[in-house]
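Chemist: Below is a structure I'd like to ask you about.
The values are calculated or read from the model by the stated rules, or taken from the named source; none is laboratory data. Quantities reported herein were computed from a predicted structural model and do not represent experimental measurements. In this analysis, Cβ positions are derived from the backbone assuming ideal geometry, glycine residues included, and neighbour counts consider all displayed protein chains. Each accessible area value is taken on the protein alone, full model and side chains, heavy atoms only, with ligands, DNA and RNA left out. Shrake-Rupley method; radii C 1.70, N 1.55, O 1.52, S 1.80 Å.
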Amino acid sequence: MKIGIIGAGNIGGNLTRRLTALGHDVAVANSRGPQTLTELAEETGATPVPVEEAARGAEVVVVTVPLKAVPNLPSGLLAGAAEGVAVVDTGNYYPQQRDGRIAAIEDGGLTESRWTERHLGQPVIKAFNGTYAADLLERHRPAGDPDRMALPVAGDDEAAKRKVRALIDELGFDTVDAGGLDDSWRQQPGTPVYGLREGVDGVTKALAEASPERPADFRG
């Protein structure tokens, strides 16, 4: 499968490593330009590209940049993607630590991924946002393994969600359907499932126990 990854930080870099190892055709981009991705490309066989070209022909596009950087992504970023592309948002809102206050999220009541979706102009699937980057390399397990972790996945586009869940299964993790994008507050920072390293039952329970009230540490 052709996959575009926008952002080559901890999550983006390790997804590049795992997905190329699984045989996928990965194009990776960051804000500093493809010349800064030579080492990652040599390690993985991924193709470093400018951000504007990352989604070209891609069946899955992973957007894994700081939330504050989302409005600066090029317009028409996803215009060249394959028909039926699944866009994965791994982002989190850290107002005190990094992003500054975003009124549409805090006052307007938008979930973090709904805010990102509006900027991208394309439906998104929220996944990997509460996953430790190292776990992508170290904690994947075959299906049926009692120690296999589960990841929550939220989104409105059911076909795209199925595609993302299948890819996560291939990566070595179970998934739990966390509902539509307006329900994705259940997996935002500060919720019980955020950073949780448990299986399907534990993740399902944690999602059910989440509170819609944003924790003080994650308010601007």
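Chemist: Can you tell which of Ser211, Ser184 is hydroxyl-bearing (Ser, Thr, Tyr) and either within 15 Å of the chain's Cα centre (by Cα) or farther than 22 Å from Glu112 by Cβ (or both)?
Modeler: Ser184
Chemist: Given (1) crowded, with 23+ Cβ neighbours inside 10 Å; (2) under 14 Å from the mean Cα position of the chain (by Cα), identify the lone condition not met by Leu67.
Modeler: That leaves (1) as the condition not met.
Chemist: How do the pairs read when you match residues in region 74-103 that are hydroxyl-bearing (Ser, Thr, Tyr) with residues anywhere that are open to solvent by 10 Å² or more (accessible area, probe 1.4 Å) and part of a helix (DSSP H, G or I), using Cβ under 6 Å and keeping only pairs 6 or more apart or on different chains?
Modeler: So the pair list comes out as Thr90/Ile11; Tyr93/Asp99.
Chemist: It is to be established whether one or more residues within region 53-60 are closer than 22 Å to Ala134 by Cα and either surrounded by 23 or more Cβ atoms within 10 Å (Cβ to Cβ) or of a type outside the set (Lys, Arg) (or both).
Modeler: yes
Chemist: Moving on. Return only the number of the condition from (1) in contact with a Phe, Trp or Tyr (Cβ under 9 Å, 6 or more places away or on another chain); (2) open to solvent by 40 Å² or more (accessible area, probe 1.4 Å); (3) more than 27 Å from Leu22 (Cβ to Cβ) that Ser75 does not satisfy.
Modeler: (1)
Conditions (1) in a helix (DSSP H, G or I); (2) among the charged types (D, E, K, R); (3) more than 22 Å from Val63 (Cα to Cα), marked per residue:
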position: Leu137; (1), (2), (3): yes, no, no
position: Asp147; (1), (2), (3): no, yes, yes
position: Pro152; (1), (2), (3): no, no, no
position: Ala159; (1), (2), (3): yes, no, no
position: Ile168; (1), (2), (3): yes, no, no
position: Gly179; (1), (2), (3): no, no, no
position: Tyr194; (1), (2), (3): no, no, no
position: Arg197; (1), (2), (3): no, yes, yes
position: Arg214; (1), (2), (3): no, yes, yes
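Chemist: Sticking with this one: Given the options Glu117, Glu53, name the one that is closer than 30 Å to Gly172 by Cα, under 18 Å from the mean Cα position of the chain (by Cα) and in contact (Cβ under 8 Å) with a residue 12 or more places away in the chain.
Modeler: Glu117
Chemist: Another question, then. Considering each of Ala160, Ala154, Ala150 in turn, give the residue that is touching a helix residue (DSSP H, G or I) at 6+ places or on another chain (Cβ under 6 Å), among the small types (Gly, Ala, Ser) and either within 15 Å of Thr90 (Cβ to Cβ) or at pLDDT below 95 (or both).
Modeler: Ala154
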